[in-house]
Amino acid sequence: MKEIDYLCDVKERSFLSVTETQPPHTFINISKKKMRKGILFILTLLPLMAWAQHFDGYYYNEEYQVYLKINAERSDITVPGQEIYGQLTGYFGSKRDGRLWLITEMEQVNDKKLIITVVNDYGSEDFTASLTEDDNHVITMKHQEGSTYKIVVNSKYVKIPKQIKLVKTDKP
């Protein structure tokens, strides 16, 4: 029986193979041991895929009109108009204020909680906060230490409370 190997050069390590003597409907030859290894590999990836769903997207607080854009898994967000900072984990902003607060550091506590360090776009103020996401994709941001998170509305500073909730939405 002549065997044609499609995935590996080494015949003994092949995962999928085709034999010339088998009928067309049975051309995949996978052993039980290889099948078990494949299933275990997929089961190992499931928790990672669940983690990827948390802290990824656009979150908004209607009352203060502030938002959070974040991608904790890949840290691949470029801040609009401030590309010089490169790719970051994310940033905070407001519909009523053009200044941004950039997430410069992130520590994962567990799959639903992060500790972040945030600095304003001038670099003059910073704070540390925890982000906790529930099963309904609502993030609770709790100020831990540092400067007060504030925005400008009608030429006056408005302080954002030490704890706010941000709901996951589509980007406005």
- Going through the range 143-172 in order, the residues found to be within 17 Å of Ile70 (Cβ to Cβ), open to solvent by 90 Å² or more (accessible area, probe 1.4 Å) and among the basic types (Lys, Arg) are Lys165, Lys171
- Query: What is the number of the single condition among (1) outside any strand (DSSP E or B); (2) at pLDDT 90 or above that Glu73 does not meet?
  - Reply: (2)
- Can you work out which of the residues in the range 80-94 that are surrounded by 13 or more Cβ atoms within 10 Å (Cβ to Cβ) and at pLDDT 90 or above is farthest from Val167 (Cα to Cα)? Leu88
- Message: Any residue in the range 146-168 that is on the phi > 0 side of the Ramachandran plot sitting within a Cβ distance under 8 Å of a residue that is open to solvent by 70 Å² or more (accessible area, probe 1.4 Å) and in a strand (DSSP E or B)? List the pairs, counting only those 6 or more apart or interchain.
- Response: Gly146/Asp126
- Task: Tell me, please, whether a residue that is farther than 17 Å from Gly57 by Cα and more than 16 Å from the chain's Cα centre (by Cα) can be found in the range 99-115.
- Result: yes
- Item | Sole exception among (1) under 15 Å from Tyr59 (Cβ atoms); (2) over 14 Å from the mean Cα position of the chain (by Cα) for Tyr91, by number | (2)
- Query: Somewhere in the range 52-65, is a residue among the aliphatic types (A, V, I, L, M), modelled with pLDDT under 90 and either assigned to a helix (DSSP H, G or I) or open to solvent by 90 Å² or more (accessible area, probe 1.4 Å) (or both)?
  - Reply: yes
- Message: Can you pull out every residue in the range 120-142 that is open to solvent by less than 30 Å² (accessible area, probe 1.4 Å) and among the small types (Gly, Ala, Ser)?
- Response: Ala129, Ser130
- Log entry, pairs with first residue in the range 119-138 being farther than 17 Å from Val167 by Cβ and at pLDDT below 90, second being of a type in the set (A, V, I, L, M) and surrounded by 17 or more Cβ atoms within 10 Å (Cβ to Cβ), beta carbons closer than 6 Å, six or more apart or on different chains, reads Asp121/Leu100
- Query: For the range 85-167, which strands (runs of 3 or more DSSP E) that fit wholly inside it have 3 or more residues that are among the small types (Gly, Ala, Ser)?
  - Reply: 90-94
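The values are calculated or read from the model by the stated rules, or taken from the named source; none is laboratory data. Keep in mind that this is a model prediction, so the values were computed, not measured. So basically every Cβ, Gly included, is an ideal-geometry build from the backbone, and we count neighbours across all protein chains shown. Areas reflect the complete protein model, heavy atoms only, side chains present, ligands, DNA and RNA absent. Shrake-Rupley method; radii C 1.70, N 1.55, O 1.52, S 1.80 Å.
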